[in-house]
Amino acid sequence: MISVDNLAVEYSGATLFSDVSFVINPTDKIALMGKNGAGKSTMMKIIAGEQKPTRGHVRANSDTVIAYLPQHLLTEDNCTVFEETAKAFKQVFAMREEMAELNKALETRTDYESDEYMGIIEKVTDLGEKFYALEEVNYDAEVEKALKGLGFKQEDFQRQTNEFSGGWRMRIELAKILLQKPDLILLDEPTNHIDIESVIWLEDFLVNKADAVMVISHDRAFIDNITNRTIEVTMGQIHDYKANYSHYLQLRQDRRAHQIKAYQEQQKLIADNMAFIERFKGTYSKTNQVSSRERMLEKLPIIEIDEVDNSSLKLRFPPAPRSGDYPVTVKDVSKSYGGHVVFKDANLSISRGEKVSFVGRNGEGKSTMIKAILNEIEVEGTCQLGHNIKVGYFAQNQASLLDPTLTVFQTVDEVAKGEVRTQMKNILGRFMFGGEDIDKKVSILSGGEKTRLAMVKLLLDPVNLLILDEPTNHLDLKSKDVLKEALKEFDGTLILVSHDRDFLQGLSEKVFEFKEQRVIEHFETIDAFLERNRIKSIADINLMQ
């Protein structure tokens with residue numbers, strides 16, 4: 001059991017939250033929720049021991065293991081994937097090495113009666129009790145199982161970590177966490193950059209193998225599937241619900257309705273008493289009643305209504321110019337990098353107005369196919385765009401491609417043309433960049449703000465083929481919902497790459513699966529495809545264990 005007691009955090013006189021107390025039990029799977037800026041990541045860092053609170057404490061037994069996966073990672077670049085992952089057992093290895101050194105010292109010393117010699121014997125005894133109390137583990141096999149479960153192949157194990165993208169490095173850190181078998185796992189946006197199959201693997205682990213878990217995530221399906229408790233940070237306080245995210249939303253709505261009703265009744269009570277005081281002030285026979293009501297009003301705690309995040313992305317794609325019947329045609333396309341075959345003899349055809357999903361593990365060729373369609377890379381075979389195609393492309397790293405030295409306004413102003421230039425402030429306002437926000441430098445924007453800004457640039461010209469590669473990374477739940485509705489209403493052709501199941505559901509009518517150097521066409525909704533593959537993936541995982 002981990003106890004959070006009276007936590008408070010203050011910055012420059014402003015209070016982020018105060019007097020926050022709760023207990024984390026061994027089987028709790030907690031979603032830590034709240035609007036951006038409420039203090040979720042700060043609270044998680046405090047529980048992890050990464051940050052000190054202004055006041056309060058986090059209490060746990062000395063042998064409690066708390067593992068923390070932050071949003072942004074710094075994996076070392078001086079070792080292989082396997083070596084980095086094996087660092088999960090560094091305390092065990094250090095204990096073994098220390099025992100070996102102490103035993104060697106005992107073999108070479110002859111001062112058997114000295115205090116120093118007896119001290120070494122005591123150390124060896126204490127360490128031995130701890131070491132031999134550990135269950136026997138085949139550490140290499142455990143590392144291999146964790147890495148494979150998170151999408152790494154056997155040939156990746158001896159590659160240097162600096163050969164991998166940030167998303168794959170995050171998986172290395174996640175593997176290290178899982179191998180520590182911690183009492184509490186803290187995860188801050190763990191599903192960003194990992195594919196659907198790995199998310200399903202992670203869900204299965206957290207639900208069936210992990211002890212306590214606390215997670216911050218914008219992936220609604222993920223948090224619904226793994227959590228049984230929701231802690232909401234709002235207005236400097238917390239509200240604790242014994243419910244998953246979807247149930248919490250309903251309970252929060254009910255709570256706010258009760259608050260509004262109680263607030264209205266209290267305001268009527270105050271108004272009635274104020275009217276009484278005003279009417280009978282100075283009337284001798286009513287002096288005691290007036291004084292009593294004045295004292296009551298002075299002591300009355302005013303009911304507060306939970307804040308609602310009313311900032312909302314307003315998004316609508318411009319009408320799509322008419323294109324030819326087949327915006328995208330791919331015939332017998334193959335792509336290799338050296339001896340590594342990405343895909344071979346791939347064929348796909350996308351009709352005007354179709355909305356399709358590209359799915360598959362990372363590294364199977366989804367983004368490569370997009371680059372081939374856009375003629376950004378050379379391939380064997382034919383990739384052809386149809387008649388009158390105007391492409392809008394949101395790359396997986398689109399937000400990071402923004403110039404950090406420009407302001408928000410300068411970023412969009414440099415690509416805006418014609419009459420739209422006169423509407424730039426209104427357009428930015430629709431994307432939640434209001435007032436002084438437009439003068440902020442890109443370098444200080446959050447991940448979600450950068451994603452929204454990159455989306456503005458995408459909307460400045462009408463397009464009829466929209467290609468989005470992981471567009472929801474860093475977007476909050478509300479912004480993702482708005483983007484999803486806008487894509488449903490988009491009247492052009494859509495190619496969508498995303499690991500976010502909740503976002504994908506209801507958006508596409510055809511699925512192209514990238515798997516084992518092939519591109520497989522499925523004439524079914526993403527919902528049906530994911531349901532089939534969820535069962536298959538978990539079965540595969542169970543066979544590994």
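Observations
Yes/no matrix, rows are residues, columns are (1) among the β-branched types (Val, Ile, Thr); (2) within 22 Å of the chain's Cα centre (by Cα); (3) within 14 Å of Phe394 (Cα to Cα):
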position: Arg452; (1), (2), (3): no, yes, yes
position: Asp476; (1), (2), (3): no, yes, no
position: Lys484; (1), (2), (3): no, yes, no
position: Asp491; (1), (2), (3): no, no, no
position: Glu513; (1), (2), (3): no, no, no
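- Just one of the numbered conditions (1) within 20 Å of Val65 (Cα to Cα); (2) of a type in the set (Gly, Ala, Ser); (3) open to solvent by 10 Å² or more (accessible area, probe 1.4 Å) is not true of Ala212: (3).
- Taken residue by residue, the stretch 16-31 has at least one member that is part of a loop (DSSP other than H, G, I, E, B) and among the charged types (D, E, K, R).
Rundown of residues vs (1) of a type in the set (A, V, I, L, M); (2) free of Cβ contacts under 8 Å to residues at least 24 places away in the same chain, yes/no style:
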{"residue": "Met235", "(1), (2)": "yes, no"}
{"residue": "Ala243", "(1), (2)": "yes, yes"}
{"residue": "Tyr263", "(1), (2)": "no, no"}
{"residue": "Ile270", "(1), (2)": "yes, no"}
{"residue": "Phe276", "(1), (2)": "no, yes"}
{"residue": "Lys281", "(1), (2)": "no, yes"}
{"residue": "Tyr284", "(1), (2)": "no, yes"}
{"residue": "Gln289", "(1), (2)": "no, yes"}
{"residue": "Leu300", "(1), (2)": "yes, no"}
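- Criterion: in contact with a helix residue (DSSP H, G or I) (Cβ under 7 Å, 6 or more places away or on another chain) and not in a loop (DSSP other than H, G, I, E, B) - qualifying residue of Lys87, Lys45: Lys87
- Within the stretch 328-378, no residue satisfies the criterion of being open to solvent by 40 Å² or more (accessible area, probe 1.4 Å), under 23 Å from Leu530 (Cβ atoms) and of a type in the set (A, V, I, L, M).
- A single member of Ser291, Ser217 is open to solvent by less than 60 Å² (accessible area, probe 1.4 Å), under 29 Å from Glu189 (Cβ atoms) and either among the polar types (S, T, N, Q) or touching a Ser or Thr at 6+ places or on another chain (Cβ under 7 Å) (or both), and it is Ser217.
- Screening Met1 on (1) surrounded by 13 or more Cβ atoms within 10 Å (Cβ to Cβ); (2) modelled with pLDDT of 90 or more shows it passes everything except condition (2).
- Filtered residue count, the stretch 5-58, keeping only those that are without any contact (Cβ under 8 Å) to a residue 60 or more places away in the chain and of a type in the set (Val, Ile, Thr): 6
- Restricting attention to the stretch 209-255, the residues that are of a type in the set (Ser, Thr, Tyr) and modelled with pLDDT under 90 add up to 5.
- Which listed residue, of Ile270, Ile223, is in contact with a helix residue (DSSP H, G or I) (Cβ under 9 Å, 6 or more places away or on another chain), open to solvent by less than 30 Å² (accessible area, probe 1.4 Å), not polar (S, T, N, Q) and not in a strand (DSSP E or B): Ile223
- Qualifying residue in the stretch 77-86 (condition: closer than 30 Å to Gly448 by Cα and surrounded by fewer than 16 Cβ atoms within 10 Å (Cβ to Cβ)): yes
- Selection of first residues in the stretch 105-130 that are farther than 19 Å from Met95 by Cα and of second residues that are assigned to a helix (DSSP H, G or I), restricted to Cβ pairs under 7 Å at least 6 apart or on distinct chains, gives the following pairs, ordered by first then second residue: Arg109/Tyr117; Asp111/Tyr117.
- Some residue of the stretch 407-417 being free of Cβ contacts under 8 Å to residues at least 40 places away in the same chain, on the phi < 0 side of the Ramachandran plot, within 28 Å of the chain's Cα centre (by Cα) and open to solvent by less than 40 Å² (accessible area, probe 1.4 Å): yes
- Subset of the stretch 390-401 (residues that are in contact with a His (Cβ under 9 Å, 6 or more places away or on another chain) and either in a helix (DSSP H, G or I) or open to solvent by less than 30 Å² (accessible area, probe 1.4 Å) (or both)): Ala399
Residue by residue, here is whether (1) assigned to a strand (DSSP E or B); (2) within 24 Å of Leu475 (Cβ to Cβ) holds:
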{"site": "Asn347", "(1), (2)": "yes, no"}
{"site": "Gly353", "(1), (2)": "no, no"}
{"site": "Gly363", "(1), (2)": "no, yes"}
{"site": "Glu376", "(1), (2)": "no, no"}
{"site": "Cys383", "(1), (2)": "yes, no"}
{"site": "Asn388", "(1), (2)": "no, no"}
{"site": "Asp403", "(1), (2)": "no, yes"}
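- Top-ranked residue in the stretch 162-176 [being at pLDDT 85 or above and open to solvent by less than 10 Å² (accessible area, probe 1.4 Å); ranked as nearest to Asn225 (Cα to Cα)]: Ala175
- Residues being open to solvent by 10 Å² or more (accessible area, probe 1.4 Å) and in contact (Cβ under 8 Å) with a residue 12 or more places away in the chain - total across the stretch 474-484: 7
- Applying a threshold of 6 Å to beta carbon distances and a minimum spacing of six or more residues, or different chains, the list of pairs starting in the stretch 379-398 at a residue that is more than 13 Å from Thr493 (Cα to Cα) and ending at one that is open to solvent by 60 Å² or more (accessible area, probe 1.4 Å) and outside any loop (DSSP other than H, G, I, E, B) reads Gly381/Lys331; Gly381/Asp332; Thr382/Lys331.
- Applying the criterion of being among the polar types (S, T, N, Q) and open to solvent by 50 Å² or more (accessible area, probe 1.4 Å) to the residues of the stretch 505-525, the residue that is farthest from Val333 (Cα to Cα) is Gln505.
The values are calculated or read from the model by the stated rules, or taken from the named source; none is laboratory data. Model, not experiment: these values are computed from the prediction. As a convention, Cβ positions derive from the backbone with ideal geometry for all residues, glycine included, and neighbour counts pool all protein chains shown. With ligands, DNA and RNA removed, areas are computed over all heavy atoms of the protein, side chains included. Shrake-Rupley method; radii C 1.70, N 1.55, O 1.52, S 1.80 Å.
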